[in-house]
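Heads up: the structure comes next, in C-alpha cells.
The values are calculated or read from the model by the stated rules, or taken from the named source; none is laboratory data. Small disclaimer: the values here were computed from a predicted structure and weren't measured. Because the Cβ atoms are built from the backbone with ideal geometry, glycine has one as well, and the counts that use them run over all protein chains shown.
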Amino acid sequence: MADERRRILVVEDSPMMCRMYKLVLGPAHDLVFAANGAEGLDRAAAGPPFDLLVVDINMPHMDGIEFVTRLRGELGIHTPVLVSSTETSDADQEAARAAGAQAFLAKPWTPDALLAAVRERLGTA
C-alpha cells in the first residue's frame with residue numbers, strides 16, 4: 001500500500017544532518033536514528049525489521065562501510081542500504097557497493113534528491 005509508513009534506520013553522527021532527515025523524511029516515514037555503526041547494528045538487530053537503511057560513511061566507533069559489511073555478514077540482514085556521504089570518490093562508492101549498499105547519494109543533497117533515492121529504494125517511485 002502506497003500510504004503505508006515505512007521504517008527507516010538512519011545511521012548518522014551529525015545532529016544537523018539528523019534534523020534534515022527528520023524534516024525531509026519524517027512526515028511520511030517512521031525514522032529511527034543511530035549515531036554510529038555500532039549503535040546502528042544494535043538497532044538493526046533489535047527489530048522489528050526496517051524497510052531501508054540510510055548510512056553515512058565517516059562516523060566514530062564504526063564507519064558506514066564496516067556497518068554495512070557486518071550487517072550483511074554477521075547479522076544476515078539484507079535490507080536495502082542507501083549510503084549518503086561527503087566521501088564521494090569512486091573508491092568510496094565502490095567500497096560501499098562492495099559492502100552491500102545498493103545506492104550512493106552525495107552530500108549535500110537536496111530534499112528532492114533524497115526523496116527520489118528513498119522512493120526508488122522502497123519501490124515507491
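Please determine whether any residue of segment 97-117 is under 13 Å from residue 53 (Cα atoms) and of a type in the set (Val, Ile, Thr).
no
If you scan segment 72-99, which residues turn out to be surrounded by fewer than 16 Cβ atoms within 10 Å (Cβ to Cβ) and either assigned to a helix (DSSP H, G or I) or small (Gly, Ala, Ser) (or both)?
73, 76, 89, 90, 91, 94, 97, 98
For residue 55, all conditions in the list (1) surrounded by fewer than 20 Cβ atoms within 10 Å (Cβ to Cβ); (2) touching a Gly at 6+ places or on another chain (Cβ under 6 Å) hold save one; what is the number of the exception?
(1)
Yes/no matrix, rows are residues, columns are (1) of a type in the set (Ser, Thr, Tyr); (2) farther than 17 Å from residue 116 by Cα; (3) in contact with a strand residue (DSSP E or B) (Cβ under 8 Å, 6 or more places away or on another chain):
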| position | (1), (2), (3) |
| --- | --- |
| 18 | no, yes, yes |
| 52 | no, no, yes |
| 75 | no, yes, no |
| 78 | no, yes, no |
| 83 | no, no, yes |
| 95 | no, yes, no |
| 104 | no, no, yes |
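In this structure, is residue 50 within 22 Å of residue 98 (Cα to Cα), among the aromatic types (Phe, Trp, Tyr) and modelled with pLDDT of 95 or more?
yes
Using the structure shown, decide if residue 2 is in a helix (DSSP H, G or I), at pLDDT below 95 and not aromatic (Phe, Trp, Tyr).
no
Cβ contacts < 7 Å: first residue in a helix (DSSP H, G or I), restricted to segment 100-125; second residue not aliphatic (A, V, I, L, M), any location; separation 6+ or different chain. Result?
Qualifying pairs under 7 Å: 121/80; 121/102; 122/6; 122/51.
Give the residues of segment 84-104 that are under 18 Å from residue 26 (Cα atoms) and hydrophobic (A, V, I, L, M, F, W, C), sorted by residue number.
Hits for segment 84-104: nothing passes.
Does segment 1-25 hold any residues that are small (Gly, Ala, Ser) and more than 19 Å from residue 79 (Cα to Cα), and which are they?
14
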